[in-house]
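Everything on this sheet refers to the single structure shown next.
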Amino acid sequence: MIEFHLDSRSGVSPYQQIVQQVRHGLRLGLLSEGDQLPTVKDVVAQLAINPNTVLKAYKELEHSGLVSARPGVGTFVTNTLGDGSFAAHGPLRRDLQRWLTKARRAGLDEESIEALFRECIRTAGEEDVA
Amino acid sequence: MNDVIEAHGLGKRYGRRWALTDCTLEIPAGRVVGLVGPNGAGKTTLLHLAVGLLRPSAGSITVLGGRPGEGPGQLRRIGFVAQDAPTYASLSVADHLRLGAWMNPSWDRGLAQQRITRLGLDAKQKAGRLSGGQRAQLALTLAVAKRPDLLILDEPVASLDPLARREFLQGLMEVVADQGVSVVLSSHLVADLERVCDFLVVLVGSRIQLAGEIETLLATHRRLIGPRHDPDTLPSSQHVIDERHTDRQSTILVQTDEPVLDPSWAVEELDLEDLVLAYMGRTAANGSQPSIVEVRA
């Protein structure tokens, strides 16, 4: 069983943090198929958050096919995150490192690099929506 | 009837002073409602009207479909914990539970006992010798064990230290998850409510400034930062809540249901605290009667 934790300064909403932690657990192998997620009651009793926040996170995970709820029993992991994504990490990391070297040579400090990166993710996200 | 609380033009006057003015509100069932406002805003007055400890001077209020304090049937469905979690100092924890069982036909003995055990309270201990956190938990136990449909808590965590505060909210959320009870709790600190509430009511200077689902409120408010703009040039769908200008830059907080398209703005999301402070600051700065913003899902 995993346990959730919340970072109140991350700017990421609590429900998204729960979703991310489940996905993270799957990626790291902390969670695998058949494992049970903590019950809503357990999560709220531990984190002091609104039960709807947990339900919303679990619904989103269910919607993306990672978990399924068995009424009266609990929520269980039904899928793993594709290993394909894991295999792609290495080459992507190398690309990114090359890019970072370029960015530093161009005179960007860490802060500007992070700002640029975040801005790109944001605009790409908006294009996806549009 | 799906609303736990409905108020129309509700007001309460003490002598010449209105403690609550023209309050119109609909709170759906199944929510955890945060009632926020500075001290003296009228939060306690509103809660006391809801439980029937006060009678309205104007307008009307309906709670769980009935008039507050109307009869035993109505009282039975509401659990109320007044400010500072009052208990009987000379009675023991066990005495309080006996009293609860005696006075409430729907008393859930098992639930009360289970909560006391989990909290590690000594049944023989006199309530006057409990810590603030323990007393608050005892008061919550009494309110919860009568199995109400609506829990009303007046500043339940204001006097508690951070650990006791967290433990109290953990217990409260467990009750909500378990029993599906609707909750209204007041606080002058937004931070206390941010994680536990899904519906927000902001009360300032005896008037409701803002009410709605927190998710909707956050989704419909944006901070716009950009070169100096005249707020009158904003599209009509953007309602200005707060604005600041320097000679070059404008920072405007708007309420809008539509995306912000003007590319000269950097658009930021707000957190709950920013949002509440903006609405509170608005009344302080204007001194006039602001229009009530109602945001519905």
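The values are calculated or read from the model by the stated rules, or taken from the named source; none is laboratory data. All of these numbers come straight from a predicted model, not from anything done at the bench. Virtual Cβ from ideal backbone geometry, glycine too; neighbours counted across all protein chains shown.
For A:VAL22, the criteria (1) assigned to a helix (DSSP H, G or I); (2) buried (at least 18 other Cβ atoms within 10 Å of the Cβ); (3) within 14 Å of chain B (Cβ to nearest Cβ) hold in every case but one, which is (3).
Just one of the listed residues (B:VAL63, B:VAL36, B:VAL32) is among the β-branched types (Val, Ile, Thr), within 14 Å of another protein chain (Cβ to nearest Cβ) and buried (at least 20 other Cβ atoms within 10 Å of the Cβ), and it is B:VAL32. Here B:GLY133 meets the list (1) over 21 Å from the mean Cα position of the chain (by Cα); (2) assigned to a helix (DSSP H, G or I) almost entirely, failing just condition (1).
Looking at the structure I just gave you, is B:ARG118 at pLDDT below 95, assigned by TED's automatic domain parsing to the domain that holds B:GLU167 and not in a loop (DSSP other than H, G, I, E, B)? For B:ARG118, the condition - at pLDDT below 95, assigned by TED's automatic domain parsing to the domain that holds B:GLU167 and not in a loop (DSSP other than H, G, I, E, B) - is met.
Here B:GLU194 does not qualify as within 14 Å of chain A (Cβ to nearest Cβ), under 21 Å from the mean Cα position of the chain (by Cα), of a type in the set (D, E, K, R) and more than 26 Å from B:ALA219 (Cβ to Cβ). Looking across segment A:25-46, the residues that are in a helix (DSSP H, G or I), more than 8 Å from chain B (Cβ to nearest Cβ) and among the aliphatic types (A, V, I, L, M) come down to A:LEU26, A:LEU28, A:VAL43. Of all residues in segment B:208-222, exactly one satisfies the criterion of being in contact with a helix residue (DSSP H, G or I) (Cβ under 8 Å, 6 or more places away or on another chain) and surrounded by fewer than 20 Cβ atoms within 10 Å (Cβ to Cβ), namely B:LEU218. The criterion of at least 2 residues that are within 30 Å of B:GLY132 (Cβ to Cβ) and of a type outside the set (Phe, Trp, Tyr) is met, among strands (runs of 3 or more DSSP E) falling completely within segment B:1-107, by B:3-14, B:17-28, B:32-36, B:78-81. Cβ separations smaller than 9 Å between residues 6+ apart or across chains give the following pairs from segment B:46-66 residues that are in the same structural domain as B:GLY30 (by TED's automatic domain parsing) and closer than 15 Å to B:THR21 by Cα to residues that are surrounded by fewer than 20 Cβ atoms within 10 Å (Cβ to Cβ) and of a type in the set (Asp, Glu): B:ALA58/B:ASP22; B:GLY59/B:ASP22; B:SER60/B:GLU6; B:ILE61/B:GLU6.
Checked against the criterion of being within 14 Å of chain A (Cβ to nearest Cβ) and buried (at least 19 other Cβ atoms within 10 Å of the Cβ), the candidates B:SER186, B:SER182 yield just one match: B:SER182.
Which pairs have Cβ atoms under 7 Å, sit 6 or more apart or on different chains, and link a residue in segment B:101-123 that is under 20 Å from B:ARG166 (Cβ atoms) to one that is of a type in the set (Gly, Ala, Ser)? From residues that are under 20 Å from B:ARG166 (Cβ atoms), the pairs are B:ILE116/B:ALA123.
Candidates are the residues of segment A:47-64 that are of a type in the set (S, T, N, Q) and more than 7 Å from chain B (Cβ to nearest Cβ); the one that is farthest from A:ASN79 (Cα to Cα) is A:THR53. If you go through segment B:145-164 and keep only what is within 14 Å of another protein chain (Cβ to nearest Cβ) and surrounded by fewer than 20 Cβ atoms within 10 Å (Cβ to Cβ), you end up with B:PRO162, B:LEU163, B:ALA164. Where strands (runs of 3 or more DSSP E) sit wholly within segment B:233-276, none has at least 1 residues that are at pLDDT below 90, within 14 Å of another protein chain (Cβ to nearest Cβ) and more than 28 Å from the chain's Cα centre (by Cα). Helices (runs of 4 or more DSSP H) fully within segment A:49-130 that include at least 2 residues being exposed (fewer than 11 other Cβ atoms within 10 Å of the Cβ) and within 19 Å of the chain's Cα centre (by Cα): A:83-105, A:110-129.
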